Amino acid sequence: MTTPLIAVALPVRNGANYLAEALDSILAQNFSDFELHVSDNASDDETPQILAAYAARDPRVRVSRSEELIPQAANVNRAVRLTSSRWVKLFCHDDVMEPNCLARLVHAIGTVEGSQVALIGNGERYLYDNGYLTAAPEDQGLLRLAGRDTIVRKLWDVRRAVPFPALTTATVRRDAFEAAGGFDPRYVYFDLFTWLELLTRYDYAVVTAPLTRNRIHGRQVAMQARASLRELDDFRRFLPEFVARHGAMLGITPKARLRLWLMPAALGARAVAGE
């Protein structure tokens, strides 16, 4: 039995509210040659029963359970490391895949294979608990950028920004993920910070078509981080360290440094406005 080119890594902790919908959307892909690895982080709701039922029906579903509760970032690392495929599509238990998601990603991988691209993002739509689904972004095909240019566009040259991956919109080359050290459990925004670190060594591509639906609800870690101003602390700690390591390579100008210095204050203002 050969190892598929791509695997889906799905970390979950007490995900019974949305898990079945996420699993259904993954298993209904019109590309079928993949494995789904689920890392259950000591769930004490109906999550284990749901996972057992799906694993019994479909051999592509592989479930591993941590009996002790571990940090979220550690559980995502665990989910990725359960896979053996060259590429890993990360996904969250409360989101939804469009039926052509993996097919489009595999096509993109075929286009960039052999290059320095090690991270692929995808477009998304936002799905709210009241059923409202945002409009689809324009499909501009596959965009490719040097890692340095991607970082610049994300952090300070935002007028030229391109879609940057969160967790559920990221597909990563597994060896590059390991080389970047995996996700850092010190941060709530471990995904963003790891992608920035990874892109100091590798390049980026994005399938601009909306391949996933990001569900917006009150129990999301990002929502809770904004309400508590945790994201403010994250950026205050991470950005100076990142600039110290890579500022020379990125060619950070005084204007860019000012923007980075002001970024935590802007995040704090956003959190207050959101509340």
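The values are calculated or read from the model by the stated rules, or taken from the named source; none is laboratory data. Keep in mind that what you see is a predicted model, and the values were worked out from it rather than measured. Cβ atoms come from the backbone with ideal geometry, glycine included; neighbour counts cover every protein chain shown. Side chains are part of the model used for accessible areas, which takes the heavy atoms of the whole protein and leaves out ligands, DNA and RNA. Shrake-Rupley method; radii C 1.70, N 1.55, O 1.52, S 1.80 Å.
Out of everything in the stretch 26-45 that is among the charged types (D, E, K, R) and surrounded by fewer than 21 Cβ atoms within 10 Å (Cβ to Cβ), what residue ends up being nearest to the chain's Cα centre (by Cα)?
Going through the qualifying residues, I end up with Glu35.
Does any residue in the stretch 244-265 that is over 19 Å from Glu231 (Cα atoms) come within less than 8 Å, Cβ to Cβ, of a residue that is of a type outside the set (Phe, Trp, Tyr) and assigned to a loop (DSSP other than H, G, I, E, B) six or more places away or on a different chain, and which pairs are these?
If the second residue must be of a type outside the set (Phe, Trp, Tyr) and assigned to a loop (DSSP other than H, G, I, E, B), the pairs left are Arg245/Thr200; His246/Thr200; Met249/Thr200; Leu250/Thr200; Ala256/Asp157.
Give me a count of the residues in the stretch 242-275 that are closer than 20 Å to Phe190 by Cβ, crowded, with 16+ Cβ neighbours inside 10 Å, modelled with pLDDT of 85 or more and not β-branched (Val, Ile, Thr).
The total comes to 2.
Considering only the stretch 171-202, state which residues are touching a helix residue (DSSP H, G or I) at 6+ places or on another chain (Cβ under 7 Å), assigned to a helix (DSSP H, G or I) and within 21 Å of Met249 (Cβ to Cβ).
Across the stretch 171-202, the qualifying residues are Ala176, Phe177, Phe193, Leu196, Leu198.
From the list Glu113, Glu21, which one is surrounded by fewer than 21 Cβ atoms within 10 Å (Cβ to Cβ) and more than 29 Å from Thr134 (Cα to Cα)? Give the steps one after another, and end with the answer.
Values: Glu21 fails: more than 29 Å from Thr134 (Cα to Cα).
That would be Glu113, the only listed residue that is surrounded by fewer than 21 Cβ atoms within 10 Å (Cβ to Cβ) and more than 29 Å from Thr134 (Cα to Cα).
For the stretch 138-190, give me each residue that is of a type in the set (Asp, Glu) and open to solvent by less than 20 Å² (accessible area, probe 1.4 Å).
Matches in the stretch 138-190: none.
Do we find a residue being assigned to a helix (DSSP H, G or I), at pLDDT 95 or above and within 26 Å of Ala108 (Cα to Cα) anywhere in the stretch 4-22?
Scanning the stretch 4-22 turns up at least one residue that is assigned to a helix (DSSP H, G or I), at pLDDT 95 or above and within 26 Å of Ala108 (Cα to Cα).
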